[in-house]
Amino acid sequence: MAVGDSLGLGNVLAGRYRLVSLLGQGGAGAVYLAEDTQLFDRPVAVKELIEQFSGDGEREAAVARFTQEARMLVTLSHPNLPDVRSYFAEDGRHYLVMEYVEGTTLLDQLRRANGVLLPATVMEWGRQVCDVLTYLHSRTPPVVFRDLKPSNIMVDRYNRIKLIDFGTARHFDMSKHTDTLKMGSIGYAAPEQYQGQGQTSPQTDIYALGATLHHMLTNEDPSARPFVFTPPSMIRPEVPESLSRAVMRALNLDPAQRFPTALEMRHALEPDVAENTTAYLPVAASFGPNPWLVGLLGIVGAALLEGVALLPELSRYGKGLASGDWAVDYGVLVGAAIGAGLGGALAPGWQPHRIRGSVAALFGAAALSACTGLAVIVGIGHGDPRHFSLRLLAALALPAAAAGAALMRGFGVGE
């Protein structure tokens, strides 16, 4: 018999809560939408401990965990946590009545978006989770959630998140070396939840948040390859590099290398955060060229090349004559294309986003080519058939240089 049927939807619990529908069911509990008949049928969520145990010992342990969850939630008060309304037992069953959150889980949000969520939206959710983790971890003793994942985070119609399911949460005890019970979800659980060589700590929640944000940004389920993560910006170029590095730092296998607090992780998730060491993984120093300097040299080099090539021919332009040396004529155009491509590709070093950087490179190259290539087109006179082919080559040099610059930028040249 289904759990909903055994309870009897429509029945009233504790003489007050009328069951309306089954919202969800897991291995240890079921959650129902109910109406509080003593408060004008106000909607509430009723969580029931499912009575499916192999023996009395298992049942007693489950009831103890369920009671601990209720006792813990009663002591907590935060905008990103559901309020507890009541806790009671009836007919041998145990119930926890909480605020009803009208919304969907982050996992449902990802599915509705076909796996493509805006990085800014994910970053905002991450900051809210950091806020509530900061509150939990600052309690005395600290509360460690231990099972942070997309299905345990709800978002309402105001884009406000709520942590749900505190069934695995525990108080952090500095005197303990290991946890009594190992709990968590594969892919989101930190290594220390498996090894049995240390107890879960606030850094455990930071790892789980990193895995959750990685899933939201990339649509790659971490349970498929636990502990193996590719930087989100390598999978989706539109993900800001600072966000990608913050996520990867949170996912460090060594708890000491993660963010020391959820508050520091929140700072790294600010949209205008400067890319500094707090958002970086420890990496080897890079001594590559400065893209700004290389771009500037490219522009200066192109300008010098144009000046040197055109200077001897200035007296001929406007008189219907081109250069007497074909190498000079075509060298001018090739020099314009190469100079524009190089300068346009490297100059927009301020733009880390490859698509927008490619567009910026395209316009930069077109503008630089126009200053030289169009001058050749206008300067070359009329009357000689070869001058037409020269003007045509000059015209073709403009889109060629612009496209070359965009491709170079798109492949990351100068980054």
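The values are calculated or read from the model by the stated rules, or taken from the named source; none is laboratory data. Just so you know, these numbers come straight off a predicted model, no measurement behind them. Positions of Cβ are backbone-derived with ideal geometry, glycine not excepted, and every protein chain shown enters the neighbour counts. To get the accessible areas, we keep the full protein, side chains included, count just its heavy atoms, and leave off ligands, DNA and RNA. Shrake-Rupley method; radii C 1.70, N 1.55, O 1.52, S 1.80 Å.
A few points about this structure:
- All of (1) among the β-branched types (Val, Ile, Thr); (2) within 30 Å of Ser233 (Cα to Cα); (3) at pLDDT below 90 hold for Thr105 with one exception: (3).
- Test for Leu163: is it at pLDDT 95 or above and open to solvent by less than 20 Å² (accessible area, probe 1.4 Å): no
- Answer residue from the range 246-266, given it is part of a helix (DSSP H, G or I) and modelled with pLDDT under 95 and is farthest from Glu192 (Cα to Cα) among those: Ala256
- Selection count where residues are part of a loop (DSSP other than H, G, I, E, B) and open to solvent by 30 Å² or more (accessible area, probe 1.4 Å), scope the range 218-235: 12
- Looking across the range 72-92 at every residue that is small (Gly, Ala, Ser) and free of Cβ contacts under 8 Å to residues at least 12 places away in the same chain, the one that is surrounded by the fewest Cβ atoms within 10 Å (Cβ to Cβ) is identified as Ser77.
- Residue that is modelled with the lowest pLDDT [pool: residues in the range 236-245 that are in a helix (DSSP H, G or I) and in contact with a Ser or Thr (Cβ under 6 Å, 6 or more places away or on another chain)]: Glu241
- For the range 37-87, filtered to residues that are touching a Phe, Trp or Tyr at 6+ places or on another chain (Cβ under 6 Å) and among the small types (Gly, Ala, Ser), the residue that is farthest from Ser21 (Cα to Cα) is Ala70.
- Of all residues in the range 191-198, none are open to solvent by 30 Å² or more (accessible area, probe 1.4 Å) and acidic (Asp, Glu).
- Looking only at residues in the range 97-145 that are among the aromatic types (Phe, Trp, Tyr) and open to solvent by 30 Å² or more (accessible area, probe 1.4 Å), the one that is farthest from the chain's Cα centre (by Cα) is Tyr100.
- Listed by first and then second residue, the pairs linking a residue in the range 40-58 that is at pLDDT below 75 to a residue that is open to solvent by less than 30 Å² (accessible area, probe 1.4 Å), with Cβ atoms under 8 Å apart and 6 or more places separating them unless they lie on different chains, are Ile50/Val3; Ile50/Gly29; Ile50/Ala30; Phe53/Ala62.
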